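A single structure is presented below for examination.
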Amino acid sequence: MKKSVLALLCILLAVSCGVNGNLATYHFHYDDLFGSPQDVTFVEINPRKYKFLVVDHKALKRTSEVAAEVGAVAAINGTFYNMKKGGSVCYLQIDGQVTDTTKGADMKLRTNGAVVIRKGKLSVEPWSQEKEKIFMEKPGRRTSVMATMPLLIKDGFAVELPYYKGFSDKRHPRSVVFEKDGKICLMVIDGRSKGNAAGMTLDEVQQYLQSMDGGKGCRNAVNLDGGGSSTLWLVKEGVLNHPSDNSKFYHKGERRVANSIHALPR
């Protein structure tokens, strides 16, 4: 971890709003992080008080719309999908029912992470073609899986990142799910807004996650679909980040996506 990054994290501007200690939102704005402006928002959720679910939208719909339909308190956009036809291009399983499998040889090679929900409890786990075959044979009646890429952190350590020109090494908005201090966090890093938020490379996302809490960082983390899809929603407040799909730095530029992750009261 670069010392300059840690120093900047110590002087960040943060706004926190908690609900009985079980649901908290954090917003961080940096004028100069990784040599550029950055805007980061995440929701920290106590899994003992909230359960999680994956939703297949069936058609392209905004994350905020689906969140309201299912009665969620927090939501984030999901994994990669076909923007013309809809449907996930990564393995997607809802309560034991397989709705999509990982598409394409290239996607199979790099889809190495997953959000797995068992009886409402969420975990971030490694993924592979072999694991996908196992789940297809025995999906588990009360288990949901959203495969995605790449896995960022495993057991507190940075995972070696795959390199894909333009995706890995260029700054984009990012959506991330991570586990930290027994909590589940949904995070969006804004980007593509000159002077407001540049977005991060995958390596910078890793560094950022590991720098939290004086370098203690998070335990497990995985990257979701990003870019114009990145959306973080909270009940009452609405969309918390600044979706980039319409190239404006405000809360209304939300893209229609194929799937999403939601937190609901137990």
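Where residues in region 228-237 are of a type outside the set (A, V, I, L, M) and under 17 Å from the mean Cα position of the chain (by Cα), which of them is nearest to Asn82 (Cα to Cα)? Full working, then the answer.
Of all residues in region 228-237, those of a type outside the set (A, V, I, L, M) come to 228-231, 233, 236-237.
Cutting the leftovers down to under 17 Å from the mean Cα position of the chain (by Cα) gives us 228-231, 233.
Details: Gly228: 14, Ser229: 12, Ser230: 15, Thr231: 17, Trp233: 22 Å.
Top of the filtered list is Ser229.
For region 49-96, which residues satisfy the criterion of being over 19 Å from Ser175 (Cβ atoms) and touching a Lys or Arg at 6+ places or on another chain (Cβ under 9 Å)?
Selection gives Lys49, Lys51, Ala59, Glu69, Asp95, Gly96.
Now for a separate question. Going through Glu160, Glu65 one at a time, which residue ends up being closer than 27 Å to Gly238 by Cα and free of Cβ contacts under 8 Å to residues at least 12 places away in the same chain?
Glu65
Quick one: Gly140 ticks every box in (1) within 26 Å of Ala263 (Cβ to Cβ); (2) modelled with pLDDT of 95 or more; (3) small (Gly, Ala, Ser) except a single one, so which number is it?
Condition (2) is where Gly140 drops out.
Is it fair to say Cys218 is over 22 Å from Lys108 (Cα atoms), in a loop (DSSP other than H, G, I, E, B) and not aromatic (Phe, Trp, Tyr)?
Here the answer is yes, as Cys218 does meet what is asked.
Suppose we filter region 80-97 for residues that are in a strand (DSSP E or B) and surrounded by 13 or more Cβ atoms within 10 Å (Cβ to Cβ); how many remain?
Residues in region 80-97 being in a strand (DSSP E or B) and surrounded by 13 or more Cβ atoms within 10 Å (Cβ to Cβ): 5 in total.
Would you check which residues across region 234-266 are part of a strand (DSSP E or B) and under 20 Å from Ser123 (Cα atoms) and list them? Step through it out loud before you land on a result.
Looking only at region 234-266, we keep the residues that are part of a strand (DSSP E or B), and these are 234, 238-239, 256-265.
Answer for region 234-266, where residues must be part of a strand (DSSP E or B) and under 20 Å from Ser123 (Cα atoms): Asn259, Ser260, Ile261, His262, Ala263, Leu264, Pro265.
While we're here: Every residue in region 25-46 that is closer than 10 Å to Ile189 by Cβ and among the aromatic types (Phe, Trp, Tyr), please.
If the condition is that a residue be closer than 10 Å to Ile189 by Cβ and among the aromatic types (Phe, Trp, Tyr), then Phe28, Phe42 are the ones that fit.
Test Ser123 against the criterion of being touching a Leu at 6+ places or on another chain (Cβ under 8 Å), modelled with pLDDT of 95 or more and within 23 Å of Leu23 (Cα to Cα), and give yes or no. Reasoning before the result, please.
Numbers: touching a Leu at 6+ places or on another chain (Cβ under 8 Å): no; modelled with pLDDT of 95 or more: yes; within 23 Å of Leu23 (Cα to Cα): yes.
No, not satisfied.
State all residues of region 180-196 that are closer than 27 Å to Val54 by Cβ, in contact (Cβ under 8 Å) with a residue 40 or more places away in the chain and not β-branched (Val, Ile, Thr); if no residue qualifies, say none.
The first filter runs over region 180-196 and keeps only residues closer than 27 Å to Val54 by Cβ, leaving 180-192.
After this cut, where a residue has to be in contact (Cβ under 8 Å) with a residue 40 or more places away in the chain as well, the list is 180, 182-192.
Those that are closer than 27 Å to Val54 by Cβ, in contact (Cβ under 8 Å) with a residue 40 or more places away in the chain and not β-branched (Val, Ile, Thr): Lys180, Gly182, Lys183, Cys185, Leu186, Met187, Asp190, Gly191, Arg192.
Please tell me if Ala263 is touching a residue at least 12 places away in the same chain (Cβ under 8 Å), aliphatic (A, V, I, L, M) and farther than 28 Å from Pro47 by Cβ.
So Ala263 does not fit the description; no.
For region 67-79, state whether one or more residues are part of a helix (DSSP H, G or I) and surrounded by 22 or more Cβ atoms within 10 Å (Cβ to Cβ).
Looking through region 67-79, at least one residue is part of a helix (DSSP H, G or I) and surrounded by 22 or more Cβ atoms within 10 Å (Cβ to Cβ).
Also: For His29, which of the numbered conditions (1) within 19 Å of His242 (Cα to Cα); (2) touching a Cys at 6+ places or on another chain (Cβ under 6 Å) fails to hold?
His29 satisfies every listed condition except (2).
The values are calculated or read from the model by the stated rules, or taken from the named source; none is laboratory data. Small disclaimer: the values here were computed from a predicted structure and weren't measured. Here Cβ is always computed from backbone atoms with ideal geometry, including for glycine, and neighbour counts include all displayed protein chains.
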